[in-house]
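Asker: To start, I am sharing the structure in question, which I have written as C-alpha cells.
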Amino acid sequence: MNSELPHVGDWFKANKLSLNLTKMFFILFTSHRKILPTQSLPLDIDGILIPQVSYINFLGVVIDKNLTWKEHISQIAYRLK
C-alpha cells in the first residue's frame with residue numbers, strides 16, 4: 001500500500017487537488033470473529049503518517065471496523081442522556 005500512496009499524492013497534485021492529511025484516517029475492516037494483531041499498519045503519504053482508527057463518523061453514521069452498529073448506537077444513546 002505504501003508503494004501506491006505516492007502515486008495517489010502525485011495524481012492529486014497533477015490535477016491541482018489537495019488532500020487534507022490532518023483529516024485522513026484508515027480502517028482495516030475485519031470480522032469480529034477474527035482476531036488481528038493490535039499493532040497499527042504504518043501508512044504514510046508525503047511523509048505524513050495516516051493513523052488507523054477502529055471507527056469513524058461519516059456523514060452522521062458511525063462506521064466501525066467490524067461493520068456493526070454498536071458504536072453508532074452507543075453514541076446516539078449517549079446524546080439522548
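Asker: Filter the range 43-73 for residues that are over 10 Å from the mean Cα position of the chain (by Cα) and of a type in the set (D, E); which is surrounded by the most Cβ atoms within 10 Å (Cβ to Cβ)?
Answerer: E71
Asker: All but one of (1) surrounded by 11 or more Cβ atoms within 10 Å (Cβ to Cβ); (2) at pLDDT below 85; (3) among the aliphatic types (A, V, I, L, M); (4) more than 13 Å from the chain's Cα centre (by Cα) hold for I76; which doesn't?
Answerer: (2)
Matching residues to (1) more than 21 Å from L5 (Cα to Cα); (2) not β-branched (V, I, T):
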residue	(1), (2)
I48	no, no
P51	no, yes
V61	yes, no
N66	yes, yes
L80	yes, yes
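Asker: Here's something else I'd like to know. Can you find a residue that is surrounded by 10 or more Cβ atoms within 10 Å (Cβ to Cβ), among the acidic types (D, E), at positive phi and not in a strand (DSSP E or B) anywhere in the range 7-20?
Answerer: Checked against the condition, which is being surrounded by 10 or more Cβ atoms within 10 Å (Cβ to Cβ), among the acidic types (D, E), at positive phi and not in a strand (DSSP E or B), the range 7-20 yields no hits at all.
Asker: What about L36, is it touching a Ser or Thr at 6+ places or on another chain (Cβ under 8 Å), in a loop (DSSP other than H, G, I, E, B) and either modelled with pLDDT under 80 or of a type in the set (S, T, N, Q) (or both)?
Answerer: Here the answer is yes, as L36 does meet what is asked.
Asker: Which pairs do you get when a residue that is more than 19 Å from S31 (Cα to Cα), found in the range 49-64, comes within reach of a residue that is acidic (D, E), reach meaning Cβ atoms under 7 angstrom, with the pair 6+ apart or on two chains?
Answerer: These pairs meet every condition: I50/D44.
The values are calculated or read from the model by the stated rules, or taken from the named source; none is laboratory data. Predicted model, so just to flag it, every value in this text is computed and none were measured. Because the Cβ atoms are built from the backbone with ideal geometry, glycine has one as well, and the counts that use them run over all protein chains shown.
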